[in-house]
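Below is a structure I'd like to ask you about.
The values are calculated or read from the model by the stated rules, or taken from the named source; none is laboratory data. Since we're looking at a predicted model, the values are computed, not measured. Every residue, glycine as well, gets a Cβ built from its backbone with ideal geometry; the counts of neighbours run over all protein chains shown.
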Amino acid sequence: MTTILDPTDEREPVGRQRSRRPEQISGTVGLLDISKPRGNVLLDRLEELIHERLPEVEVRRYTKPTFTKPAPDELLRKMAGEVDFVIEGLAD
Amino acid sequence: MASLPAFSLRDQSAGERSFPSGRPALLAFIKEDCPTCGTSMPLIEGAHRAFGDGVDVWAVGQEAKGNAALVERYGLTLPMLDDSELGVSFRYDLDTVPTVLLAGADGEELRRFVGFGRDDWRSLYSQLGELSGAAAPAVEWGAYPESEPGCGARNVEPGIAERLEAIAEGSPLLARRIEIGSADDPDEFMFDQGFSDGLPVVAPTPERVLRMLGGTRRDAQEVVAIVPPNMAPATIEKIAINSVLAGCRPEYLPVVIASLEAACTDTFNAHGVWATTMGASPAMIVNGPIRDRIGMNSGLGAIGQGNRANATIGRALRLVLRNVGGARPGGTERSTLGSPAKFTFTFAEWEERSPWTPLHVDRGYAAEQSVVTLFPAVPGPLISMDQTSRSAEPLAGSLAMSLQAMMHPKSGGRDTLLIVTPEHVDTLWRDGWTKERLAERLWELTHRPLRELIQDERSGVGRPLEEFGPDGPTEEQLNELIPKFDSPQRLHIVVAGSEAGKITAIFPGWGSLVESRVIEDVV
């Protein structure tokens, strides 16, 4: 983690550049359960729907050890290497 | 019972209120965009009206505009104290609003609750009745919800909390901290944020910025200039951050600061210089003892690459304009072509190699002062090459011919910068020419008869014929000599460059004026 001081006049929030949104879903979709209660229920249903509507898309499941902390680097790297899309269940 | 921290804040009529005041006090910390604060407001105001004779009932608002909105919305008569700087909220260690505190006459804490609780307020009203001796007013308690959770206090919002902590610790670093995730590349991140002019920048970590601030004695929070186009205040800290980005060493910082002071003036008009389609960019000329102290180049390649001070000082000024002022190409920076000088353009005058007075002395400063002068240059340079004149007069003639062509042979010239290199200096000085004599002679030689300066079929530039009435100019008028420069003082002459090469570099100016500032002497 590097901390830097903002060189601007701070009138704008710090922006993160979003990656370009692809036109179509293809390849592999990762479903990330952050370990909040019943997140798995939502993701199970999403997985069903993806299989139904996008049969050529592969689905992989991932789980964060705890929702209270950022995902471990190792998990982030693994996901970044394995999937083209991520859907994350964020709340209870 | 623990005593609450003392404070003084201004209320909505700009009256100063100090706590403790010698009377019991009810302090309600609130912010306007919190619905639970809205629920509580009628009870806070009600407490003031019912018990105000015996107890100070004060709202402490966390945001200036929001405070005014609350006063308006709830018709508040109680003192609404302005804690928009959040210093009191920080010292009270708030994390939730509303936070309601009851204090005794000496500031001791009697009671505290956060959020909204009907029972809390009911029992608070009884206690206020006892403290003040006033009868509790009739309140329709059933109209209030039983409880509502509070909202996050502003002083713990990300970005603000760290700033308040830094103030409390006496740290000079108050700029927003940006954490770059460990999976991100900091260099790429800074490009993505638009902090860079297109070249790599150095990450302004707190450690580096602190080191940079060591280059000046001035207070880190002193506002040095209001930077166009966004008219944003530039503190020494912000200048230091951008100087780190640019790659400066701490000892360069005073030059960057002085440059910004000179740039953000009516006379130099940085806004116009950055915005013009002409691609103007400040030529920054450094004079005086600081040149050697920070290792600036005034000799071979003085306006080229290869010297850290020359390269990074000019870049730092431009990054302050870009990042603090918001001047960006395509935004208010609208130069048609731009120019390499938009990256940087700083050099030192080779005073020791010049027989003439240095630029800063011409401009009224003492020789032993260090001064930076900003010239609104439209690059260039136009190189005037004369390898064959062996005396001052024909050399001046050559330079005048080049000057005449500057911008356009038919157009007038504004302030103009001439960098005369040593071999040309020697040719002029052998004949005893002073700088003043050179400027005077160039001014004379760049006169042209009106005949050559009117719009015609060869070139549409020039004075329009209509200017001279229906019959056009008379023969006498056509022969009249017109100066290119309105006075010799328009020609600013400095000496730099290597010992070899018979050239003089000419930079036309843009429509703003040359500006100088003394550089802080840190030694």
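Which residue pairs have Cβ atoms under 9 Å apart, sit 6 or more places apart or on different chains, and have a first residue in the range B:463-475 that is assigned to a loop (DSSP other than H, G, I, E, B) and a second that is among the β-branched types (Val, Ile, Thr)?
B:464/B:454; B:472/B:454; B:473/B:454
If you take the residues of the range B:81-104 that are touching a Leu at 6+ places or on another chain (Cβ under 9 Å) and among the small types (Gly, Ala, Ser), which of them is farthest from residue B:10 (Cα to Cα)?
Checked the range B:81-104; the qualifying residue farthest from residue B:10 (Cα to Cα) is B:104.
Something else about it: Residue check: is residue B:354 in the same structural domain as residue B:285 (by TED's automatic domain parsing), at pLDDT below 95 and surrounded by fewer than 24 Cβ atoms within 10 Å (Cβ to Cβ)? Give the derivation first.
Details: in the same structural domain as residue B:285 (by TED's automatic domain parsing): yes; at pLDDT below 95: no; surrounded by fewer than 24 Cβ atoms within 10 Å (Cβ to Cβ): yes.
So residue B:354 does not fit the description; no.
Further question: Within the range B:329-352, can you find the residues that are more than 22 Å from residue B:252 (Cβ to Cβ) and either free of Cβ contacts under 8 Å to residues at least 12 places away in the same chain or in contact with a Ser or Thr (Cβ under 8 Å, 6 or more places away or on another chain) (or both)?
Across the range B:329-352, the qualifying residues are B:329, B:330, B:334, B:335, B:336, B:339.
Looking at the range B:150-184 only, could you name the residues that are buried (at least 18 other Cβ atoms within 10 Å of the Cβ), away from every other protein chain (no Cβ under 14 Å) and either more than 28 Å from residue A:71 (Cα to Cα) or among the acidic types (Asp, Glu) (or both)?
B:150, B:164, listed by residue number.
Table: residues versus (1) away from every other protein chain (no Cβ under 14 Å); (2) surrounded by 14 or more Cβ atoms within 10 Å (Cβ to Cβ); (3) assigned to a loop (DSSP other than H, G, I, E, B); (4) not aromatic (Phe, Trp, Tyr).
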site: A:3; (1), (2), (3), (4): no, yes, no, yes
site: A:12; (1), (2), (3), (4): no, no, yes, yes
site: A:47; (1), (2), (3), (4): yes, yes, no, yes
site: A:50; (1), (2), (3), (4): yes, yes, no, yes
site: A:61; (1), (2), (3), (4): yes, no, no, yes
site: A:68; (1), (2), (3), (4): yes, no, yes, yes
site: A:74; (1), (2), (3), (4): no, no, no, yes
site: A:77; (1), (2), (3), (4): no, no, no, yes
site: A:88; (1), (2), (3), (4): yes, yes, no, yes
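Still on this structure, please answer the following. Out of B:82, B:95, B:53, which single residue is within 29 Å of residue B:145 (Cβ to Cβ) and either among the polar types (S, T, N, Q) or surrounded by fewer than 18 Cβ atoms within 10 Å (Cβ to Cβ) (or both)? Before the answer, list the steps.
Values: B:82 fails: either among the polar types (S, T, N, Q) or surrounded by fewer than 18 Cβ atoms within 10 Å (Cβ to Cβ) (or both); B:53 fails: within 29 Å of residue B:145 (Cβ to Cβ).
When all the criteria are applied, what remains is B:95.
Do we have residue B:349 as touching a strand residue (DSSP E or B) at 6+ places or on another chain (Cβ under 8 Å) and not aliphatic (A, V, I, L, M) here?
Working: touching a strand residue (DSSP E or B) at 6+ places or on another chain (Cβ under 8 Å): yes; not aliphatic (A, V, I, L, M): yes.
So residue B:349 passes the test.
Sort out which residues of the range B:406-420 are of a type outside the set (S, T, N, Q) and under 21 Å from residue B:494 (Cβ atoms), and write them in order of number.
B:406, B:407, B:413, B:414, B:415, B:417, B:418, B:419, B:420
Return yes or no: is residue B:334 within 14 Å of another protein chain (Cβ to nearest Cβ) and farther than 20 Å from residue B:496 by Cα?
No, not satisfied.
Quick check on the range B:68-80. Is at least one of its residues assigned to a strand (DSSP E or B) and closer than 13 Å to residue B:9 by Cα? Before the answer, list the steps.
In the first step, residues of the range B:68-80 are kept if they are assigned to a strand (DSSP E or B); the result is B:80.
Now narrow it down to the ones that are closer than 13 Å to residue B:9 by Cα: B:80.
Checked against the condition, which is being assigned to a strand (DSSP E or B) and closer than 13 Å to residue B:9 by Cα, the range B:68-80 yields at least one hit.
Next question. How about the range B:443-458: which of its residues are surrounded by 13 or more Cβ atoms within 10 Å (Cβ to Cβ) and assigned to a loop (DSSP other than H, G, I, E, B)?
Within the range B:443-458, B:446, B:455, B:456 meet the criteria.
Scan the range B:332-377 for residues that are of a type in the set (D, E, K, R) and assigned to a helix (DSSP H, G or I) and report the count. So that I can check it myself, show each step before the final result.
Within the range B:332-377, the subset of a type in the set (D, E, K, R) is B:333-334, B:342, B:349, B:351-353, B:362-363, B:368.
Still in the running and assigned to a helix (DSSP H, G or I): B:342, B:351-353, B:362.
So the answer is 5.
Moving to a separate point now. Taking the range B:51-70 only, how many residues are more than 35 Å from the chain's Cα centre (by Cα) and of a type in the set (Val, Ile, Thr)? Working first, answer last.
Let us first name the residues in the range B:51-70 that are more than 35 Å from the chain's Cα centre (by Cα), namely B:51-59.
Right, trim to of a type in the set (Val, Ile, Thr) and you get B:55, B:57.
The qualifying residues number 2.
Out of B:523, B:461, I need the residue that is outside the structural domain of residue B:358 (by TED's automatic domain parsing) and in contact with a His (Cβ under 6 Å, 6 or more places away or on another chain). Which one? Break it down stepwise before answering.
On the way: B:523 fails: in contact with a His (Cβ under 6 Å, 6 or more places away or on another chain).
Residue meeting the stated conditions: B:461.
Residue by residue, here is whether (1) within 30 Å of residue B:184 (Cβ to Cβ); (2) away from every other protein chain (no Cβ under 14 Å); (3) among the polar types (S, T, N, Q) holds:
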{"position": "B:194", "(1), (2), (3)": "yes, no, no"}
{"position": "B:205", "(1), (2), (3)": "yes, no, yes"}
{"position": "B:216", "(1), (2), (3)": "no, yes, yes"}
{"position": "B:248", "(1), (2), (3)": "yes, no, no"}
{"position": "B:259", "(1), (2), (3)": "no, yes, yes"}
{"position": "B:266", "(1), (2), (3)": "no, yes, no"}
{"position": "B:272", "(1), (2), (3)": "no, yes, no"}
{"position": "B:276", "(1), (2), (3)": "no, yes, yes"}
{"position": "B:279", "(1), (2), (3)": "no, yes, no"}
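OK, next. I'd like to know if the range B:318-327 contains one or more residues that are more than 19 Å from residue B:283 (Cα to Cα), away from every other protein chain (no Cβ under 14 Å) and not small (Gly, Ala, Ser).
Scanning the range B:318-327, I find no residue that is more than 19 Å from residue B:283 (Cα to Cα), away from every other protein chain (no Cβ under 14 Å) and not small (Gly, Ala, Ser), so the answer is no.
Quick grid of which residues meet (1) modelled with pLDDT of 95 or more; (2) outside the structural domain of residue B:239 (by TED's automatic domain parsing); (3) under 30 Å from residue B:65 (Cβ atoms):
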{"position": "B:101", "(1), (2), (3)": "yes, yes, yes"}
{"position": "B:131", "(1), (2), (3)": "no, yes, no"}
{"position": "B:134", "(1), (2), (3)": "no, yes, no"}
{"position": "B:141", "(1), (2), (3)": "no, yes, no"}
{"position": "B:147", "(1), (2), (3)": "no, yes, yes"}
{"position": "B:156", "(1), (2), (3)": "no, yes, yes"}
{"position": "B:173", "(1), (2), (3)": "no, yes, yes"}
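Okay, next question. Look through B:200, B:228 and report the one residue that is more than 10 Å from every other protein chain (Cβ to nearest Cβ), over 22 Å from residue B:86 (Cα atoms) and at pLDDT 95 or above.
Working: B:228 fails: at pLDDT 95 or above.
B:200 is the lone residue from the list that is more than 10 Å from every other protein chain (Cβ to nearest Cβ), over 22 Å from residue B:86 (Cα atoms) and at pLDDT 95 or above.
For residue B:244, are the conditions met, namely being in contact with a strand residue (DSSP E or B) (Cβ under 9 Å, 6 or more places away or on another chain) and either more than 8 Å from every other protein chain (Cβ to nearest Cβ) or part of a helix (DSSP H, G or I) (or both)? If you could, list the steps in order and put the result at the bottom.
Values: in contact with a strand residue (DSSP E or B) (Cβ under 9 Å, 6 or more places away or on another chain): yes; either more than 8 Å from every other protein chain (Cβ to nearest Cβ) or part of a helix (DSSP H, G or I) (or both): yes.
In short, yes.
I would also like to ask the following. Which of the residues that make up the range B:499-523 are within 29 Å of residue B:394 (Cα to Cα) and surrounded by fewer than 14 Cβ atoms within 10 Å (Cβ to Cβ)?
B:499, B:500 - these are the residues of the range B:499-523 that are within 29 Å of residue B:394 (Cα to Cα) and surrounded by fewer than 14 Cβ atoms within 10 Å (Cβ to Cβ).
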